[in-house]
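See structure below.
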Amino acid sequence: MTNKEERPAGCVLRLFGAPEQTVQKAVEALPDTWQGTVHCRSRGAETLVALQSSTPQQLHRAVQQLRTRLAPALYGEGEQTLAAAAVQALEQHRKLLVCSDTAAGALLETRLENLPGAEKVFDFGAMSYANTALTARLSRKLRKAPQAEPARTLARVQVMQKLTGAALAVGCVELPQSRLLLVGSKKGCWLRCVSPDENPGLWLLDMLRRAACGLPQAGGTNWQPYGRAVPDAALTPSRRNSLHRRARSAAGWARHWWCFCCWHWQHWLRAGIIPAATLPPCPKSCKALAQKACPTPGQSWCERCVGAFTFNREKTKPGGFVNLPGLVFALASPM
């Protein structure tokens, strides 16, 4: 009897609306017994986490741990799309969805029309905004509603939800430089203001998925009770994406500075540009670097230890997150 060779096992988790730091902390929290690789790719608000392990058992444990930590933002695995996940959530929890205006319908119809089961949870306007008799009743109900936006759309979402009896009603307001997305229930409405480059359709699907499953909404989404004025903070796009782009830009500059400092560090030390006292304590031994013991252990770094340190960086996790120590010493040293 021969032992079968174990093949590597892999899995791709799909997230939406999860901050990059939250995903990184979840990956770094994997146990020390995890022997595998983790790679993260982000595009806009969507993040893909690819895991690969030598055994299916280890992969299963890692996936379960990440599922627990990233539950609200995790919408599927493999090739599943966010639209399919939203339809699945609505169908499983028996939630009927309607749109209160054509702007919201345009965001959803093209994404749901070819999905199996979508006609069970979404009327595609037949019993809501595209129904002439119902829109006439809706207009009569909105005679006393505020004329200014977004208060009027908020009232429209509330009335549409009552007239149709649907669990969720969706609305969309075109603002000068953004769009306000509304997902209404019986007691109130979730609001999120997004810029045109943030893909409002995907954000609306994620809001619907979370609302159907009873999950917390992503950061930057506000809860608005009916009958109250919409705060100004809800009418400005969330700073999540702008901060994400700035962080990525800062990380890119940090990598360039790191390579530059690694290349010139030894020359700066010889020339006295970097004082030896500003460097971290030298390790007691350089045997791991195939060198003899440092002549000044526990004191300032010797020249060859500086060179070895700059060109031998250590990974904090198998997933490829790299620790960049010592950069602040090079930048903060007096020139």
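No value in this document is a laboratory result; all are computed from the given coordinates. Computed from a predicted model, the values in this text were never measured in an experiment. In this analysis, Cβ positions are derived from the backbone assuming ideal geometry, glycine residues included, and neighbour counts consider all displayed protein chains.
Ranked by the mean number of other Cβ atoms within 10 Å of their residues, highest first, the peptides 98-110, 173-185 fall in the order 98-110, 173-185. A simple rule links phi to the HN-Hα coupling: the Karplus curve 6.51 cos²θ - 1.76 cosθ + 1.60 with θ = phi - 60°, which for the range 107-116 gives 6, 9, 4, 5, 8, 10, 5, 9, 8, x Hz, with x for Gly and Pro. Shown in residue order for the range 169-175 are the 3J(HN,Hα) couplings computed by the Karplus curve 6.51 cos²θ - 1.76 cosθ + 1.60 at θ = phi - 60°: 10, 10, x, 8, 10, 8, 9 Hz (x for Gly and Pro).
Under 5 Å between amide hydrogens, built in the peptide plane, is the criterion, and for residue 193 it picks out 181, 238 among residues at least 5 positions away or on other chains. Amide hydrogen proximity for residue 76: with H placed 1.01 Å from N in the peptide plane, the residues at 5 or more positions away or on another chain lying under 5 Å are 14. With K and R counted +1 and D and E -1, the other residues having a Cβ less than 13 Å from that of residue 91 yield a net charge of +3.
How much net charge surrounds residue 102 when only the other residues with a Cβ under 13 Å from the Cβ of residue 102 are counted, with Lys and Arg +1 and Asp and Glu -1?
Details: positive: 156; negative: 101, 109, 174.
So the environment of residue 102 carries a net charge of -2.
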